[in-house]
Amino acid sequence: MDPVGVAAAPDAGPGSAWRSKCPWGAPNTTSISCSLADVMSEQLAKELQLEEENAAFPEVVAVDEGPFITGENVDTSSDLMLAQMLQMEFDREYDAQLRREEKKINGDSKVSISFENYRKVHPYDSDSSEDEVDWQDTRHDPYRADKPTTTPRRGFVGKGKDITTKHDEVVCGRKNTARMENFAPEFQVGDGIGMDLKLSNQVFNALKQHAYSEERRSARLHEKKEHSTAEKAVDPKTRLLLYKMVNAGMLETITGCISTGKESVVFHAYGGNATEDKVIPPECAIKVFKTTLNEFKNRDKYIKDDYRFKDRFSKLNPRKIIRMWAEKEMHNLTRMQNAGIPCPQVVSLKKHVLVMSFIGQDQVPAPKLKDVTLSSEDMKKAYYQILNMMQQLYEECNLVHADLSEYNMLWHDGKVWLIDVSQSVEPTHPHGLEFLFRDCRNVSQFFQKGGVAEALNERELFNAVSGLNITADNEVDFQAEIEALEKMNEDHVQNHGKKLSMFSSDGDPPIYDE
Ligand code: ADP
Ligand code: MN
């Protein structure tokens, strides 16, 4: 619409120009008297300002106050906005349908799937009665802040017949468009400013009301979402994976959660039917690696430097890296299984969900070593078993556990079982020996405190496991030698493109005299 100077036609307010252009505009009987003298009046400027504020936030709808705010007015320049509002209504209807389908599919199945990601707007009932906007709430409205810059205090700009008051329809319309920027970010307003969209107050008010109720809806949605994630412990995609496992008959039922850690959630399940190529254990543990990425960031170094995964690591997105943790645990468990080390047996791996045999019985997981009180005889037995397992792990599996402690050893069937090997690395990992030393320290301390007189100290244990012969008699020097060895190996890899034979797993005696 063209800018209309109010002074150009003294007998016509800005509304008359608007009415003459709008085919549906109902003739407005009320018109404000707007002579040049009035425009110049400081008093009128103030009044108009007040009116505009009232109009923008009509606690009492000010239909009679301005020419653009009559009940029947429809602003043709805002077809797009109206279309968007209609679209939202349509989307909500679509979602309601989706919800009905979701309900039908899930029935009262133990594992449910969610169509949440397919929803357009709001995945819950749109009972909007409580969503009525509180028009008093103008805290975040840019209106006040904008005013001094857009229209001078005297209430108009320009000279003579080009004079334009802040009440001018075009200015107002542009201002309204700009104000839409203040709606919640999820509220798609489009580039109204770019296309010089002018919103009448009426349309703006309707949109604002809509935006506020949308905002409240999504706040409620968010609450619900968080609540349900905490309740079910897994996201919808994971639930779908679990659902498929039950559906395929691999699992009978998923009974509940055994553990919620920072990086994983572990569930108990009863195994389903055996297939031709696989016997499913009667009880299973399902380890779900959490797809919230934060916790895994500090574990980067375990996998980034593991040459088995090195090439792939750089090419992967974070979601895939998490799958790799699950994959790593599977490979490591398989190696251990092959070496005869007591550990969970891998049943299946699907994305970030690893199913393995359950260590424990009748849904009760075996206690961690830190939680059982063993007789001194059992304690001693456990110690020697662990010493043995660490050596096997190193020599036969070519692995260092890297998180070995009384927290990751279970006591079951009169022996120790190793679990939680997603972070385990090969000894040639740039920090592999440091990880091993840390493992040794944990084990030594636990058994020395536990009264096993025969327990080696951490340095002796390290040498016993690795076959290395580091002679330093204090911890600091010992660690320095370990790091020097790691560095030597790294340099060797850099220079020769392969590892030192001391680290090879083919049984060669260690060489580190280069
Ligand atoms: P996290 O990285 O969270 O420590 P873990 O693999 O250690 O993951 O598993 C967490 C807990 O879940 C363990 O401490 C143990 O109590 C239980 N758990 C894990 N795997 C099994 C299993 N196969 N059988 C029985 N309990 C298990
Ligand atoms: Mn653990």
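Considering region 247-267, the residues that are under 12 Å from residue 356 (Cα atoms) and within 16 Å of ligand 2 (Cβ to nearest atom) include one that is nearest to the chain's Cα centre (by Cα), namely 266. Considered as a group, the residues in region 228-249 that are part of a loop (DSSP other than H, G, I, E, B) and within 16 Å of ligand 1 (Cβ to nearest atom) include one that is modelled with the highest pLDDT, and that residue is 234.
State whether the residues of region 422-440 include one that is basic (Lys, Arg), within 16 Å of ligand 2 (Cβ to nearest atom) and assigned to a helix (DSSP H, G or I). Taking every residue of region 422-440 in turn, at least one turns out to be basic (Lys, Arg), within 16 Å of ligand 2 (Cβ to nearest atom) and assigned to a helix (DSSP H, G or I). Looking only at residues of region 439-451 that are of a type in the set (Gly, Ala, Ser) and at negative phi, we find that the one that is farthest from ligand 1 (Cβ to nearest atom) is 444. Looking across region 266-297 at every residue that is crowded, with 20+ Cβ neighbours inside 10 Å and modelled with pLDDT under 95, the one that is farthest from ligand 1 (Cβ to nearest atom) is identified as 296. Output the number of residues of region 390-417 satisfying the condition of being crowded, with 18+ Cβ neighbours inside 10 Å and touching a strand residue (DSSP E or B) at 6+ places or on another chain (Cβ under 6 Å). Total meeting the criteria: 6. Taken as a whole, the structure places residue 380 among residues that are more than 15 Å from ligand 2 (Cβ to nearest atom), at pLDDT 95 or above, assigned to a helix (DSSP H, G or I) and of a type in the set (Lys, Arg). Scanning region 398-438 for residues that are closer than 19 Å to residue 457 by Cα, among the acidic types (Asp, Glu) and away from ligand 1 (no atom under 14 Å from the Cβ) yields a single hit, 434. Check region 367-387 and report whether any residue there is of a type in the set (D, E, K, R), closer than 24 Å to residue 481 by Cβ, assigned by the TED database to the domain that holds residue 481 and within 11 Å of ligand 1 (Cβ to nearest atom). No: zero hits. Among the residues of region 323-360, those identified as surrounded by fewer than 18 Cβ atoms within 10 Å (Cβ to Cβ) and part of a loop (DSSP other than H, G, I, E, B) are 340, 345, 351. Please identify the pairs in which a residue from region 91-109 that is within 18 Å of residue 244 (Cβ to Cβ) has its Cβ atom under 6 Å from the Cβ atom of a residue that is not in a helix (DSSP H, G or I), counting only partners at least 6 apart or on another chain. Note: pairs meeting the criteria are 102/115; 106/112. Before we move on, is residue 406 among the charged types (D, E, K, R) and touching a Phe, Trp or Tyr at 6+ places or on another chain (Cβ under 7 Å)? Spelling it out, residue 406 is indeed among the charged types (D, E, K, R) and touching a Phe, Trp or Tyr at 6+ places or on another chain (Cβ under 7 Å).
The values are calculated or read from the model by the stated rules, or taken from the named source; none is laboratory data. It should be emphasised that the depicted structure is a prediction, and the values quoted were computed from it without experimental measurement. So basically every Cβ, Gly included, is an ideal-geometry build from the backbone, and we count neighbours across all protein chains shown.
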